[in-house]
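Inspection log for the structure reproduced underneath, given as structure tokens.
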Amino acid sequence: MKLTTLAVRNIKRNFSKYVMYFFTLSFSVFTVYSFRALIQNQYVNAAMTYNVRYRTMLAAFGVIIFVFVMFFLISSNASFIRARKKEISMYSLFGMSNGKIGKLLFTETMFVGLAALVVGIGAGVFFSKLIAMILLDITLAEFTGDIAFTITPQGVYLTAIPFLFIFCVMGLSGLRVISKFELVDLFKAEKVSEGKSKGSILVLILSLTLIGTGYYLAATSGSDVIIGAAIPILILVIVGTYLFFWGGLPKVLSWMKKRKTKYYRGQNLIAVSALAHRMRSIGSTMATIAVLSAVATTAVATGFNLYQNIERNTYGILGYDLYFYGGQEELLDDVFSAFESYDVELIGDYTTERLQVKPKNNILAFDGNVEYYNPEQDYFRVYSQSVCNELLALSRVNSKPIQIKEGEAAYVRSFWSNVPGMTEEIERAIMAEPLQFSNQEIRVTSFLDASFISFGAVHTIVLNDADFTELMAAGDIMGVDSSGEPFDQVTVFKYNNALKAGKFNRKVNQILSGNVGKYRSAYNHYTESLETFGLVCFIGFFMSVVFILMTASLLYFKQIMAAEEERHQYEMLRKIGMDSQVERRVITKRLLPVFFIPLVIGILHSIFAMKTADTIVFSNMIAAENSYLVVLAFSGIMYGIYAIVYGVFYFITKRQYTRIVG
């Protein structure tokens, strides 16, 4: 019989073992090709404003996927060979040389790999238009059109060549492994005990200490500390995770065995003993799955949080649909004409002066050496209470009208005063000394979260109307600069469907660009963020799918191989009276921890990783009293979806395991 014929027959006979492996490999090829095709797609490149950033992100992700796929293939290939030792021994017994056996395995590897390449690239070509349209729909504010179907030859060979290289390496590694096999060892492979791992209480304590330390640093450190501590936190958590599965979990199982009343209940005895017996071989796999699950869930949760908070972040920064200062006399009529021409409903607009005031205080400082205000260099933007309430009413931020007593002021929080770990100290310094003016003193007694009304100023205060009028009369409030030129006025707008009015926004850009002191529109900021964070969300989704397929496939294959070895144990149990109902419960208790424990630990890692992301990123994006709760709410959706998909693979594995042992 030819080696090719025998290889095809082996693949058919082991189809149940190959199917998850083949599906994961095909999807990985599909993902890499899809991203290569998107990089080369001229329609997508033309639609992206920042196409260099777009191509760089996709290319980097393609490399990451390829590295993890290589790890998966090497791990799977080694497991396949070990699982087929008895089959290989039969070939050797009937006179087949190690060289021919190695060639047989090489041929099988190449057949499966080539089939996965054809299926993966074929699916990538078939769905390339759909994938491109999904990406454009996620990343563009106004994508309603269609794009042409394209095939990118460059994407095909840039995907095929690296994967063919991996398949060749896998096949050659099989030849090396086969050359080391001895016939006697092959026949005794299934009878050789893996050795029991009783674990260690010291390793358990050490693992929990390392993980707990990483969690503590992630949960309590400020952004300035956590950026530098990111790598140590990762090392602590990853090392702690592996130690937990190598020595901690086996110790927990050992303790469970000592609880005689529960352990000797038939189902528990069988399930716990089987899991404890397998921990030496499966511990590293479970630890790897926990780490990869943490990476996958964190990636998709981060992308989803960024994407879902784009609009909130846009208005948290800008406050208004549109504003500009300078050039009102020449351009305001043109802007109003654009509203009419493009049939955009204007809800309201307001124009006010950007007045300044310079208190006569000496340098105010906090923390002993950090400068807060220098009258020679700095100034305060100043508004009356009524003007401030007009500005707040037209903003897209839910801010209530403010009430300020005479002799008091509200300080508008800005980026400089929101320093993690120092905010309270800064605010105490601001309130510590009253602001001195020509005829009166005014003390800051409250703070306002409305940095968008500062319009370029570092410091902004809001005064009672009577105090404002008095300071204006005394000449403390300035409306002109040192040369006598009046400060620019600012005009803010609020209108319907601001984030969808692309044509109107492009017209406004033409009117204002280069003709005003500064202008910003929510549409511009929103579309830029949508393009970046939409791509991050898109990449995070594919990353999570690839990772869950790889991790679930590894577990599936490990458990199917275990089922082959444990089949005779279930046969013995049935002979001494175990019925089918009890057998199903035993299998559930046998498999559930293998899937459940890495998933729970991975999600737990991700929850603390999202706390780190909140400290560095989301706390500055989400205008909420506790931004982490908002982040967890969105992340919980992703965790739930991930767990459901993982559960599907658990039930697939359970069904196949039951079929084998039954």
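The values are calculated or read from the model by the stated rules, or taken from the named source; none is laboratory data. Since the model is a prediction, treat every value here as computed from it, not as a measurement. Neighbour counts are summed over all protein chains in view; Cβ atoms, including those assigned to glycine, are modelled from backbone coordinates with ideal geometry. SASA here: full protein model, heavy atoms, side chains in, ligands and nucleic acids out. Shrake-Rupley method; radii C 1.70, N 1.55, O 1.52, S 1.80 Å.
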Of (1) of a type in the set (S, T, N, Q); (2) touching a strand residue (DSSP E or B) at 6+ places or on another chain (Cβ under 6 Å); (3) under 12 Å from Q356 (Cβ atoms), T445 satisfies every one except (3)
For the stretch 79-93, check the following and say yes or no: at least one residue is farther than 27 Å from I282 by Cβ and at pLDDT 80 or above. no
Output the qualifying pairs, or none if there are none: Cβ atoms under 8 angstrom, residues six or more apart or on different chains, first residue in the stretch 33-45 and in contact (Cβ under 8 Å) with a residue 60 or more places away in the chain and within 17 Å of A116 (Cβ to Cβ), second residue of a type in the set (V, I, T) and open to solvent by 10 Å² or more (accessible area, probe 1.4 Å). Y33/I121; Y33/V125; Y33/V156; S34/I131; R36/T152
Specify which of the listed residues (V382, V335) is surrounded by 17 or more Cβ atoms within 10 Å (Cβ to Cβ), modelled with pLDDT of 90 or more and in a helix (DSSP H, G or I). V335
Output the number of the condition that Y650 fails; it satisfies all remaining conditions of (1) at pLDDT below 85; (2) open to solvent by less than 50 Å² (accessible area, probe 1.4 Å). (1)
Search the stretch 151-184 for residues being open to solvent by less than 40 Å² (accessible area, probe 1.4 Å), within 17 Å of Q40 (Cα to Cα) and of a type in the set (S, T, N, Q), and hand back the single one that is modelled with the highest pLDDT. T159
For the condition open to solvent by 50 Å² or more (accessible area, probe 1.4 Å) and on the phi < 0 side of the Ramachandran plot, what is the one hit in I597, I644? I644
Here are L591, L554: which of them is open to solvent by less than 70 Å² (accessible area, probe 1.4 Å), part of a helix (DSSP H, G or I), closer than 24 Å to M70 by Cα and touching a residue at least 12 places away in the same chain (Cβ under 8 Å)? L554
State yes or no: is N41 more than 23 Å from the chain's Cα centre (by Cα), among the polar types (S, T, N, Q) and within 24 Å of S76 (Cα to Cα)? no
T220 fails exactly one of the following numbered conditions: (1) in contact with a helix residue (DSSP H, G or I) (Cβ under 8 Å, 6 or more places away or on another chain); (2) at pLDDT 65 or above. What is the number of that condition? (1)
The stretch 440-453 residues that are closer than 17 Å to C388 by Cα, paired with ones that are at pLDDT 90 or above and assigned to a strand (DSSP E or B) (beta carbon under 6 Å, 6 or more apart): V444/A409; V444/Y411; T445/E408; S446/A410; F447/Y411; L448/A410; L448/V412; A450/V412
Test: residue in the stretch 249-262 that is under 30 Å from I616 (Cβ atoms) and over 23 Å from the mean Cα position of the chain (by Cα): no
Given (1) within 30 Å of R413 (Cβ to Cβ); (2) touching a residue at least 24 places away in the same chain (Cβ under 8 Å), A643 misses just (1)
Just to be sure, is G247 without any contact (Cβ under 8 Å) to a residue 40 or more places away in the chain, out of contact with any strand residue (DSSP E or B) (no Cβ under 6 Å at 6 or more places or on another chain), open to solvent by less than 30 Å² (accessible area, probe 1.4 Å) and under 18 Å from M279 (Cα atoms)? no
Among the residues of the stretch 641-649, is there at least one that is among the hydrophobic types (A, V, I, L, M, F, W, C) and closer than 17 Å to I226 by Cβ? no
Any residue at all in the stretch 512-524 that is touching a Phe, Trp or Tyr at 6+ places or on another chain (Cβ under 7 Å), buried (at least 21 other Cβ atoms within 10 Å of the Cβ), assigned to a loop (DSSP other than H, G, I, E, B) and not hydroxyl-bearing (S, T, Y)? no
Can you find a residue that is open to solvent by 40 Å² or more (accessible area, probe 1.4 Å), closer than 18 Å to G171 by Cβ and either part of a helix (DSSP H, G or I) or of a type in the set (A, V, I, L, M) (or both) anywhere in the stretch 22-43? yes
Taking interchain pairs and intrachain pairs at least six residues apart, which have beta carbon atoms under 6 angstrom, with the first residue in the stretch 517-536 and under 11 Å from N505 (Cα atoms) and the second part of a helix (DSSP H, G or I)? R520/L318; S521/N505; A522/T314; A522/L318; Y523/N505
Residues in the stretch 488-504: is at least one touching a Lys or Arg at 6+ places or on another chain (Cβ under 9 Å), at pLDDT below 90, open to solvent by 30 Å² or more (accessible area, probe 1.4 Å) and in a helix (DSSP H, G or I)? no
For residues that are touching a Phe, Trp or Tyr at 6+ places or on another chain (Cβ under 8 Å) and under 24 Å from G228 (Cβ atoms), scanning just the stretch 621-640, find the one that is surrounded by the most Cβ atoms within 10 Å (Cβ to Cβ). V631
